[in-house]
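Note sheet for the following structure.
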Amino acid sequence: MPTKVERLLINFKTLEEFKKFKAYGIQELSMLEDLEHNMIENNSESPFYGIYFGDELVARMSLYRVGSKYDYYFEPKQDYMQLWKLEVLEQYRHKGFGKQLVDFAKTFNLPIKTNARINSHDFWEKQGFQPATYEMERDFGENPYIWMPEGVQEKTES
């Protein structure tokens, strides 16, 4: 069954499906609250992308563009993609869905920053990511991994 990455709609059905994911939290709850207060509609731009297998959402990520003025990771300084909450439901893992989401994020041809969860380092390294050189003030409590398209390199401390 062919699958594709699609931008997820903000609606009660999608938010109900999000509850199956372990990384369900503040971001989704605030979207639910906005929806309940009619501030957003079904066609609102969602930061979430996902993959349906049949009619079940089996993998998702939050992906958004960060402006160059907040770029503390890359040379030359530029817009980059922030990838959060990449998750594949347990029974669908090891079937390529996570890779498919990451490959989709790479199609923007911008550097990507993510925070690797515990035990996910191997996955990110297989996708061509590398740990960012740790900087205490910038990375406090985070475990950033970065991916760079051709012509981009990691910013070295100034």
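The values are calculated or read from the model by the stated rules, or taken from the named source; none is laboratory data. Please read all numbers here as calculations on a predicted model, not as lab measurements. No Cβ is skipped: glycine too gets one built from the backbone with ideal geometry, and neighbour counts run over all protein chains shown. Please note that ligands, DNA and RNA were not included when accessible areas were found on the heavy atoms of the full protein model with its side chains. Shrake-Rupley method; radii C 1.70, N 1.55, O 1.52, S 1.80 Å.
Values computed for the structure shown
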| quantity | calculated |
| --- | --- |
| The stretch 136-154 - residue that is of a type in the set (D, E, K, R) and free of Cβ contacts under 8 Å to residues at least 24 places away in the same chain and, of those, least open to solvent (accessible area, probe 1.4 Å) | 139 |
| Any hit, the stretch 83-96, residues being open to solvent by less than 70 Å² (accessible area, probe 1.4 Å), assigned to a helix (DSSP H, G or I) and over 26 Å from residue 52 (Cα atoms) | no |
| Selected residue [outside any strand (DSSP E or B), open to solvent by 90 Å² or more (accessible area, probe 1.4 Å) and touching a Ser or Thr at 6+ places or on another chain (Cβ under 8 Å)] from 99, 77 | 77 |
| Residues located in the stretch 29-46, provided they are within 13 Å of residue 57 (Cβ to Cβ) and at pLDDT below 75 | none |
| All positions within the stretch 9-29 that are small (Gly, Ala, Ser) and surrounded by 12 or more Cβ atoms within 10 Å (Cβ to Cβ) | 23 |
| Residue 72 part of a loop (DSSP other than H, G, I, E, B), surrounded by fewer than 19 Cβ atoms within 10 Å (Cβ to Cβ), in contact with a helix residue (DSSP H, G or I) (Cβ under 6 Å, 6 or more places away or on another chain) and modelled with pLDDT of 85 or more | yes |
| Filter pass, residue 120 being at pLDDT below 90 and within 22 Å of residue 9 (Cβ to Cβ) | no |
| Filter result (open to solvent by 40 Å² or more (accessible area, probe 1.4 Å) and either part of a helix (DSSP H, G or I) or under 13 Å from residue 50 (Cβ atoms) (or both)) within the stretch 102-123 | 103, 104, 106, 121, 122, 123 |
